[in-house]
Amino acid sequence: MGDQPPAPPAAITNIKTYVPLILDLTTFNYDPWSDLFTAHCIAFGVLDHIDNTFDPPSTIPTDPEWQQLDNLVKLWLFSSMSQSLITSVHSNNATSRRIWVNIEALF
């Protein structure tokens, strides 16, 4: 492992390997889920997609690489929460930051 760089974020096809908790309003697991998810984002260099580095409604970056990473983080978010929670936090064309803020507001 020594000299090898970490895998790029796009190489993560199953977020549940890294964040084994399913966030749900009825399980009261927001704190451990949030901690694991944040650590995962730090490890893969995409924390700026959920923290307040970029906070809509300011202009959404049009850079294709940024958009690709942001959509990847949204997929990670949605695949680590219950269906009922997805329905509660989803917004059309929202960034991963907006989804993160919506989640925080519920907990």
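Using the Karplus equation 6.51 cos²θ - 1.76 cosθ + 1.60 (θ = phi - 60°), what ³J(HN,Hα) coupling, rounded to whole Hz, does each residue of region 96-102 give in order, writing x for Gly and Pro?
Working through the residues one at a time gives 5, 4, 4, 5, 4, 5, 4 Hz.
Just Phe78, Phe37, Phe28 to compare: in a GNM of the chain, with alpha carbon springs under 10 Å, which one fluctuates most?
Phe28
Measure of size requested: the Rg and Dmax of region 10-106, with Cα atoms as the atom set and Å as the unit; please supply both.
Radius of gyration, then largest Cα-Cα span, for region 10-106: 12.6, 38 Å.
Can you tell me which of Trp33, Trp66, Trp76 moves the most in a GNM of the chain? Springs connect C-alpha atoms under 10 Å apart.
Trp66
Residue by residue through region 29-36, what is 3J(HN,Hα) from phi via Karplus (6.51 cos²θ - 1.76 cosθ + 1.60, θ = phi - 60°)? Round to whole Hz and write x for glycine and proline.
10, 4, 4, x, 4, 4, 4, 5
With springs only between Cα atoms under 10 Å apart, run a GNM on the chain and tell me which of Pro61, Pro32, Pro20 wobbles the most.
Pro61
Check Leu23: other-chain or 5+ apart residues with amide H under 5 Å from its amide H, H built from backbone geometry?
Met81, Ser82
Assign unit charges at the C-beta atoms only (+1 for Lys and Arg, -1 for Asp and Glu), then state the dipole size of region 10-106 relative to its Cα centre in Debye, rounded to the nearest 20.
Details: 4 positive and 10 negative charges, 55 e Å.
Using Cβ point charges on Lys, Arg, Asp and Glu, region 10-106 gives about 260 debye.
Residue by residue through region 77-86, what is 3J(HN,Hα) from phi via Karplus (6.51 cos²θ - 1.76 cosθ + 1.60, θ = phi - 60°)? Round to whole Hz and write x for glycine and proline.
The phi angles translate into 4, 5, 7, 10, 9, 5, 4, 5, 6, 4 Hz.
Where does the charge balance sit around Leu77 when Lys and Arg score +1, Asp and Glu -1, over other residues with C-beta under 15 Å from its C-beta?
Numbers: positive: Lys16, Lys74, Arg97, Arg98; negative: Asp24, Asp35, Asp48, Asp51, Asp70, Glu104.
Summing Lys/Arg as +1 and Asp/Glu as -1 gives -2.
The numbers here are math on the coordinates, done by the rules we state, and not lab data. This structure is a prediction, so every number in the text was calculated from the model and none was measured. Every residue, glycine among them, receives a Cβ derived from its backbone with ideal geometry; neighbour counts consider all protein chains shown.
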